[in-house]
Each structure stands twice: as structure tokens, then as C-alpha cells.
Amino acid sequence: MENQQKNFGSKEANPLQSLDEWEDDVLERYPEPEIKSGDKSKEEFRNYETTVRDTVKEFYRLNHTYQTYDFVKEKKSNFLQFNKKEMPVWEAFDFLNQLVDDSDPDTDLDQFQHLLQTSEAIRRDGHPDWMVLTGLMHDMGKVLCLFGEPQWAVVGDTFPVGCAYSNKIVYPEFFENNPDYSNPNYNSQYGVYEKGCGLRNVHISWGHDEYVYQMMKDHLPEEGLYMLRYYSFYAWHREGEYDYLLDDHDREMLKWVKLFNPYDLYSKSPEPPDKNKLRPYYESLIKKYLPETLKF
Ligand SMILES: [Fe+2]
Ligand SMILES: [Fe+2]
């Protein structure tokens, strides 16, 4: 583990050329149900090559190997202090956009463009303004990469730690490398949890979702918070796994997570949103719900 920490900046620790490769893989697994025929703009985002598939596989090998119960608790105790940086919300989008990677800059949207496409798609469909803001903020947690965190500790499908892994999680075979897999405290169905304890009492693998949830915790309605916290928990909201950990509140909130997820996955378009034109609307939306500055 110590050695791994030192290698976080290396290709070995960060196999993806771009964080988008994870999202493209999710899109392959969960394609949009009715893609309008002739919608070339969306088809373009479907070009998926074997080389990418290999890097994604390697990414999941690392993710499933190192996301242990102890790892999650350690990351929470570090990053949830929010003592690293503080800045106005609009500046935070520029900060997030420092996250540029090796992928082709001509075809890839920057992080803020993806956030705006997500929030604009939600707004177009007439959803409440807090959900628009949820869309705008949902990937802010990717700044974890700028603090030197490896890709496998920032993105990827999320899953409960401290109990048995569902075999519906992508590449379940890689969990055999995780020390928790053979630890009797963690490898039974309930593990450290109790039946029906509710997801709020369950530690989920660490990444940009939990981080942004904690960042927004006091500022968005419960439905929006569920969206932020669980939209990458595909084994739950797409595969229906882990029912035995849920309480009635989780079951009630599931529909909101399901409502949000497609806006993240299917709103991508090569047409970049007009940041300057949209700014006044979003400045006032931010003012309505969020404090002046965000703490990281
Ligand atoms: Fe995300
Ligand atoms: Fe996203």
C-alpha cells in the first residue's frame, strides 16, 4: 500500500487516459434506451475501442483491489475535514477544469461543459431548480484528482465496503485481490452492518460521489443529496442489489437517484454550452442555495 501511494501519479496507478473512459464504459453497459435514429451527435460518443476497454479493466482491477473498508474510513477522515482549499463557487468550476488529461482535447468536453450539459438537460425537462443545481455540482468531487488522488479513488462504479460484494458489480472477479474479500469480519452478507440498517449507515467505496455529497449536505434537499451520493452505485439503482441493507427511506429515495442518472449519462453532446450566456442564471441559482464559498 505504501508503495502504491508513491506511484499514484504514474500510469500504473492511473491507467485511464481520461476519467471519461470510465463514463464511456458505463454508457456501454447501460446504453440509452431509445436513441433517436439518425442522432449522429450521440452516436459519435459510442466509438469504443479495445484499447480503452483494457485500460478500463486495469482501472477496475486497481479500484476493486484497493478500496477496502479501512481505506474508505481513512479517506473520509482526511478529506471530510474540508481544510484544503476554499473559493467562490464560480472559481471552483475553473479549479475543476484544471483537470485536463491526455485524451484528445478536440473531441472531449471539459468538466464544466459536462456539468452544464447535465444541468441544462434537467432544466429543459422542467425539473425543480435544486435538481438543476444538483446536475451542475455532481462532478465537483473530481477535484480529488487535483489533490493527487489516483483515478480508482475518485471515479468508478461505487459499492458497499465492509460486507460481501455483489457479483453484479462490474468485474466482480477483481474483488478476490481485495484483502477484505477473505476477512471474516467483512465478507459475510451483512458484514459489519445490520439487516435493513439503511444506506446512511453503510460505507460506500470512496470517490467523487461521497465527497460532493458531504460538500453539499447542508444545502440541497434530501432527494438531491441521494442523487449526488448514489448515482454511481449502479449495483443498487440499476441492478437492484443490496436490498437487505436498505431501509424504507432508501427505497423511497431510489426513484430520485434513477431520475438523475440518465441526465449524467445521456446528456453529453459535442455542442459546447455557452458558459457566458448561462452564467447569470447559474449565479443566481448558486446564490439561492449555496454559501459564498466552497470548502475543499
Ligand atoms: Fe460523476
Ligand atoms: Fe458526470
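Read-outs throughout are calculated quantities, based only on the coordinates presented, and are distinct from any laboratory measurement. As the structure is a prediction and not an experimental result, all values here were calculated from the model. Every residue, glycine among them, receives a Cβ derived from its backbone with ideal geometry; neighbour counts consider all protein chains shown.
Under Stokes-Einstein, with the Kirkwood radius over Cα pairs as Rh, the value for the range 102-173 at 20 °C and 1.002 mPa s is 144 µm²/s. With the biggest extent put first, the Cα atoms of the range 156-296 measure 55, 33, 28 Å across the principal axes. Projecting the Cα atoms of SER18, TYR66, CYS163 onto the dipole axis of the chain, where Lys and Arg carry +1 and Asp and Glu carry -1 at the beta carbon, places CYS163 farthest toward the positive end. If you run the Gaussian network model on the chain, springs between alpha carbon atoms under 10 Å, then out of GLY135, GLY126, GLY162 the most flexible one is GLY126. Are any of the pairs LYS84/LYS142; LYS57/LYS84; LYS84/LYS258; LYS217/LYS268; LYS11/LYS75; LYS75/LYS288 more than 24 Å apart by Cα-Cα distance, and if so, which? In this structure, LYS57/LYS84; LYS84/LYS258; LYS217/LYS268; LYS75/LYS288 exceed 24 Å between Cα atoms. Between the residues TYR190, VAL257, TYR281, the greatest Cα displacement towards the positive end of the dipole of the range 165-296, with unit charges on the Cβ of Lys, Arg, Asp and Glu, is found for TYR281.
Dipole magnitude of the range 203-270 about its Cα centre, charges +1 at Lys/Arg Cβ and -1 at Asp/Glu Cβ only, in debye to the nearest 20? Walk me through the numbers before you get to the answer.
Numbers: 7 positive and 13 negative charges, 71 e Å.
Value, rounded to 20: 340 debye.
Report, in cubic angstrom per residue, the convex hull volume of the C-alpha atoms of the range 210-256. Kindly include the intermediate steps, with their values, before the conclusion.
Numbers: hull volume 3.3 nm³, N = 47.
Taking the convex hull of the Cα positions in the range 210-256, it is 71 Å³ per residue.
Solvent-free Debye calculation, one equal scatterer per alpha-carbon of the chain: log10 I(q)/I(0) at 0.08, 0.11 Å⁻¹ equals -0.33, -0.64. The charge dipole of the range 154-276, taken about the Cα centre with unit charges on the Cβ atoms of Lys, Arg (+1) and Asp, Glu (-1), comes to about 120 debye, rounded to the nearest 20. Per-residue ellipticity at 222 nm from helix content only, as computed over the chain with -39500 (n - 2.57) for each DSSP H run of at least four residues, stands at -13500 deg cm²/dmol.
Here the chain is assigned +1 on the Cβ of each Lys and Arg and -1 on the Cβ of each Asp and Glu. Its dipole about the Cα centre then comes out at about 680 debye.
In the range 65-171, which chymotrypsin sites (Phe, Trp or Tyr not before Pro) are in a loop and have at most 15 other Cβ atoms within 10 Å, using DSSP for the loop call?
On the way: sites: TYR66, TYR69, PHE71, PHE79, PHE82, TRP90, PHE93, PHE95, PHE112, TRP130, PHE147, TRP152, TYR165; in loops: PHE82, TYR165.
Of the chymotrypsin sites (Phe, Trp or Tyr not before Pro), the ones in loops of the range 65-171 whose Cβ has at most 15 other Cβ atoms within 10 Å are PHE82.
Positive end of the dipole of the chain (Cβ unit charges, origin at the Cα centre): among TYR213, PRO33, GLN113, the Cα lying farthest that way belongs to TYR213.
Annotation: average projected area of the range 96-228 is 10.3 square nanometres, based on the convex hull of Cα atoms across all directions.
Computed over the chain with a Gaussian network model linking Cα atoms closer than 10 Å, the most mobile of THR55, THR158, THR134 is THR55. Which aspartates and glutamates have a Cα less than 20 Å from the Cα of LYS73, not counting those fewer than 8 places away in the same chain? Cα-Cα hits under 20 Å: GLU2, GLU149, ASP157, ASP180, GLU194, ASP209, GLU210.
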